[in-house]
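The values are calculated or read from the model by the stated rules, or taken from the named source; none is laboratory data. None of these values were measured; they are calculated from a predicted model. Cβ placement follows ideal geometry from the backbone for every residue including glycine, while neighbour counts extend to all protein chains displayed. In case anyone asks, the SASA skips ligands and DNA or RNA and just uses the protein heavy atoms, side chains included. Shrake-Rupley method; radii C 1.70, N 1.55, O 1.52, S 1.80 Å.
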Amino acid sequence: MGGPGLYSGIGKKAKDLLYRDYQTDHKFTLTTYTANGAAITATSTKKADLILGEIQSQIKNKNITVDVKANSASNVITTITADDLAAPGLKTILSFAVPDQKSGKVELQYLHDYAGINASIGLTANPVVNLSGAFGTSALALGADVSLDTATKNFTKYNAALSYTNQDLIASLNLNNKGDSLTASYYHIVEKSGTAVGAELTHSFSSNENSLTFGTQHTLDPLTLVKARINNSGKASALIQHEFMPKSLCTISAEVDTKAIEKSSKVGIAIALKP
């Protein structure tokens, strides 16, 4: 289905190019499948001297997906998703975490040719209510994102965004943090080269500070991707990602502070196996 998509998708291409898969931790992920089609994913992440673990199981039956995730902090998070249950384009999501009794939430997502709506409400006596929407077409969209804390009767979030998309370019403008920061992002595909470039510029009105990040990615071959980025603080990062087996990835990334070369660089490795 065409259309503007959800509000959360505005500027996502540039963000994925600039931030996705960059990490300085060591991470290993293994996914296996049972005879009934359930997917079980185990993840181990080493952060400095800490080792964090997580196990996730997912099972699908027609248009219903049940996802259960347990982590080393003794939290069990369950998400139940129903696609096109009441009407075409409507997705219903129920999520809750144990032992957090205030974590329950119901979310509705609706996609139309000229609108994308997302509404959620917490399952508590005084819930937080969130409503976001994007309106327009796949080429030009305008959106807003608002959250209300019914306990205090205060708006905890109100943001707005504008997006323009054509065949090889996506530009967006986001007003975030209750109007305190303005972010402009840009994503461009260089035709027939396997290369894309992106940039993100954020201005904070309260501090009068700017932050700029520029990055690029290039597909060396159908199985290998390289990326690089640098920001105005002098931090430069690069990664290489290779699909060494179908759906199995090895990603090596590094980060260095160009204003403090004497400091050791940070290197992260992530391996995701899907036999």
| task | Please list, ordered by first then second residue, the pairs with beta carbon atoms under 8 Å, 6 or more apart or interchain, first in the stretch 198-211 and within 12 Å of Leu18 (Cβ to Cβ), second hydrophobic (A, V, I, L, M, F, W, C) and exposed (fewer than 15 other Cβ atoms within 10 Å of the Cβ). | result | Ala199/Leu212; Glu200/Leu212; Leu201/Leu212; Thr202/Leu212
| query | Tell me, which residue of the stretch 259-269 that is closer than 21 Å to Asp21 by Cα and not charged (D, E, K, R) is most open to solvent (accessible area, probe 1.4 Å)? | reply | Ser264
| said: Tell me yes or no: at least one residue of the stretch 124-140 is of a type in the set (A, V, I, L, M, F, W, C) and farther than 24 Å from Gly179 by Cα. | reply: yes
| field | Residue identified as open to solvent by less than 70 Å² (accessible area, probe 1.4 Å) and touching a Phe, Trp or Tyr at 6+ places or on another chain (Cβ under 9 Å) among Ala97, Ala39, Ala70 | value | Ala39
| request: Return the pairs, sorted by first residue and then second, in which the second residue is of a type outside the set (S, T, N, Q) and surrounded by 15 or more Cβ atoms within 10 Å (Cβ to Cβ), the first residue lies in the stretch 135-163 and is free of Cβ contacts under 8 Å to residues at least 12 places away in the same chain, the beta carbons are less than 8 Å apart, and the residues are 6+ apart or on different chains. | output: Asn154/Leu148
| task | Return yes or no: is Phe28 crowded, with 16+ Cβ neighbours inside 10 Å and aromatic (Phe, Trp, Tyr)? | result | no
| Listed residues Ser204, Ser253, Ser237; which is farther than 25 Å from Asn176 by Cβ and not acidic (Asp, Glu)? | Ser253
| query | If you take the residues in the stretch 112-127 that are assigned to a strand (DSSP E or B) and modelled with pLDDT of 95 or more, which one is least open to solvent (accessible area, probe 1.4 Å)? | reply | Gly116
| field | The listed residue being open to solvent by less than 60 Å² (accessible area, probe 1.4 Å), touching a Lys or Arg at 6+ places or on another chain (Cβ under 6 Å), of a type in the set (A, V, I, L, M, F, W, C) and within 30 Å of Leu30 (Cβ to Cβ), out of Leu225, Leu239, Leu273 | value | Leu239
| task | Considering (1) under 22 Å from Glu54 (Cβ atoms); (2) open to solvent by 70 Å² or more (accessible area, probe 1.4 Å), say which one Cys250 fails and leave the rest. | result | (2)
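Table: residues versus (1) under 21 Å from the mean Cα position of the chain (by Cα); (2) among the charged types (D, E, K, R); (3) more than 21 Å from Ile170 (Cβ to Cβ).
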site	(1), (2), (3)
Glu200	yes, yes, no
Gln217	yes, no, no
Arg229	yes, yes, no
Gly234	no, no, yes
Ile240	yes, no, yes
Ile252	yes, no, yes
Val267	no, no, yes
Ile271	yes, no, yes
